[in-house]
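S.K.: Dumping the structure here so I can ask a few things about it.
The values are calculated or read from the model by the stated rules, or taken from the named source; none is laboratory data. Since this is a predicted model, take the numbers as computed values, not measurements. So basically every Cβ, Gly included, is an ideal-geometry build from the backbone, and we count neighbours across all protein chains shown.
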There are 4 protein chains.
Amino acid sequence: MKQETINEVLKFRDDRNWKQFHNPKDLAISISLEAAELLEVFQWSAADLTCEHKMDKIKEELADVVNYCILMADACGLDLDTIVHEKVKRNNEKYPVAKAYGNKEKYTELKDK
Amino acid sequence: MKQETINEVLKFRDDRNWKQFHNPKDLAISISLEAAELLEVFQWSAADLTCEHKMDKIKEELADVVNYCILMADACGLDLDTIVHEKVKRNNEKYPVAKAYGNKEKYTELKDK
Amino acid sequence: MKQETINEVLKFRDDRNWKQFHNPKDLAISISLEAAELLEVFQWSAADLTCEHKMDKIKEELADVVNYCILMADACGLDLDTIVHEKVKRNNEKYPVAKAYGNKEKYTELKDK
Amino acid sequence: MKQETINEVLKFRDDRNWKQFHNPKDLAISISLEAAELLEVFQWSAADLTCEHKMDKIKEELADVVNYCILMADACGLDLDTIVHEKVKRNNEKYPVAKAYGNKEKYTELKDK
């Protein structure tokens with residue numbers, strides 16, 4: 001995330017003295033709750049529902065998920081760009097292009113191909 | 001997110017021709033699934049469990065959540081920093097410092113204070 | 001649930017002296033985690049994927065969700081059949097047949113019809 | 001579940017001609033969404049929060065989770081009591097009392113004890 005976005009989120013938290021509530025377990029719960037609010041946009045919807053259909057709600061809920069990810073990263077002393085970079089590196093090994101191209105199976109199923 | 005992080009995530013997807021699977025509904029499902037994997041770190045754990053205790057797993061699962069958020073943003077033509085900034089602005093109105101200081105109640109409960 | 005099913009689940013818990021871990025918050029977390037395991041069966045799948053396709057996994061994960069619901073009910077002194085019955089009664093008022101027939105909208109949207 | 005509870009849930013669905021929307025994937029999504037509504041009761045709460053504190057909300061949301069489990073079981077031709085019974089049997093092997101007594105670790109960690 002851009003540093004100014006992170007600063008904005010942390011300032012909002014600290015202006016209200018909310019850091020006291022932000023233990024990692026409750027932050028993890030919060031990420032799950034916001035993820036469910038985002039998923040609710042698509043409950044009963046066709047698989048090919050476009051974002052345009054519910055754009056405002058998607059923006060709102062996706063922002064809430066990321067907001068809590070920023071708070072979680074801060075609580076654990078992590079940098080989101082760094083951990084995502086490291087994960088993509090590991091995924092490159094788990095899902096070699098040769099086996100994974102056009103194939104959505106999990107790496108445990110890819111192994112035997 | 002930093003542009004290079006976003007590029008890395010999108011390149012991983014495109015190298016494997018996986019964009020065809022990434023409709024918004026399935027991406028929203030994926031964010032929820034990864035959020036649950038992160039929450040599982042804290043199942044049965046004490047409320048004050050520190051991140052250090054399970055740092056590797058937290059890094060991994062938090063990265064997975066953010067990874068799918070990047071993919072969702074791309075699918076919907078959104079910029080994560082922009083939507084988080086807009087949400088913090090709206091939250092500043094919903095949770096005025098005067099009412100929200102040290103108080104974790106939702107804005108619907110704050111309104112009457 | 002049939003009383004013998006409930007007894008089986010509670011006996012399993014008590015044989016292992018696990019009731020000490022079963023505070024309502026962690027049970028609620030567990031229900032969410034198992035719900036995610038069930039949802040994972042359908043990640044990336046077509047909307048019309050039948051149960052037959054992954055029946056064993058569906059049985060397993062759906063059973064896990066219900067298992068924790070039984071434990072949650074026991075922790076809160078509730079009877080699952082009773083609370084479901086009461087909820088259906090309330091839903092009958094929220095979603096009158098005349099307005100809801102063939103219509104999947106939430107009651108807040110139905111109100112204006 | 002008691003047959004009359006199941007009948008009540010299915011009648012509610014059929015009175016409104018809602019079975020057409022109830023494919024397994026969307027039912028699995030719905031179970032997750034209701035599980036999140038239940039978990040929300042405990043967001044930011046102390047680990048030892050009792051059920052009494054939010055009993056009405058817990059009854060409501062737990063009922064919603066079970067309601068969708070009944071609908072999922074019907075969609076897949078399953079009996080909830082049967083699959084729970086089968087799962088408890090399998091768990092008895094995964095978590096032998098001798099190893100699992102008073103121990104909340106997953107069976108993969110128990111194996112080496």
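S.K.: Being under 20 Å from the mean Cα position of the chain (by Cα) and not in a helix (DSSP H, G or I) is the filter here, so list the residues in segment C:15-39 that pass it.
M.R.: C:22, C:23
S.K.: Here is a further query. Going through segment D:41-72 one residue at a time, which ones are under 16 Å from the mean Cα position of the chain (by Cα) and facing another protein chain (nearest Cβ under 7 Å)?
M.R.: D:58, D:59, D:60, D:62, D:63, D:64, D:65, D:66, D:67, D:69, D:72
S.K.: If you go through segment C:37-52 one residue at a time, do you hit one that is in contact (Cβ under 8 Å) with a residue 60 or more places away in the chain and closer than 24 Å to residue D:39 by Cα?
M.R.: Scanning segment C:37-52, I find no residue that is in contact (Cβ under 8 Å) with a residue 60 or more places away in the chain and closer than 24 Å to residue D:39 by Cα, so the answer is no.
S.K.: In segment B:1-36, what count of residues is obtained for those that are in contact (Cβ under 8 Å) with a residue 24 or more places away in the chain and among the small types (Gly, Ala, Ser)?
M.R.: Residues that pass the stated criteria total 3.
S.K.: Among D:12, D:42, which is the only one that is in contact with a helix residue (DSSP H, G or I) (Cβ under 7 Å, 6 or more places away or on another chain), modelled with pLDDT of 95 or more and not in a helix (DSSP H, G or I)?
M.R.: D:42
Yes or no, residue by residue, for (1) hydrophobic (A, V, I, L, M, F, W, C); (2) in contact with a Leu (Cβ under 7 Å, 6 or more places away or on another chain); (3) on the phi < 0 side of the Ramachandran plot:
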residue	(1), (2), (3)
D:5	no, no, yes
D:12	yes, no, yes
D:25	no, yes, yes
D:48	no, no, yes
D:75	yes, yes, yes
D:85	no, no, yes
D:94	no, no, yes
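S.K.: Do we find a residue being of a type in the set (Lys, Arg) and over 14 Å from residue A:74 (Cα atoms) anywhere in segment A:1-15?
M.R.: no
S.K.: Quick one: in segment A:77-105, of everything that is outside any helix (DSSP H, G or I) and within 23 Å of residue B:83 (Cβ to Cβ), which residue is nearest to the other protein chains (Cβ to nearest Cβ)?
M.R.: Restricting to residues being outside any helix (DSSP H, G or I) and within 23 Å of residue B:83 (Cβ to Cβ), the top hit is A:78.
S.K.: Which residue is nearest to residue A:59 (Cα to Cα), if the candidates are limited to segment B:1-40 and must be surrounded by fewer than 18 Cβ atoms within 10 Å (Cβ to Cβ) and within 7 Å of another protein chain (Cβ to nearest Cβ)?
M.R.: Top of the filtered list is B:2.
S.K.: Which residue pairs have Cβ atoms closer than 8 Å, lie 6 or more positions apart in sequence or on different chains, and pair a first residue in segment A:72-87 that is more than 26 Å from residue A:20 (Cα to Cα) with a second residue that is hydroxyl-bearing (Ser, Thr, Tyr) and surrounded by 18 or more Cβ atoms within 10 Å (Cβ to Cβ)?
M.R.: A:84/B:5; A:85/B:5
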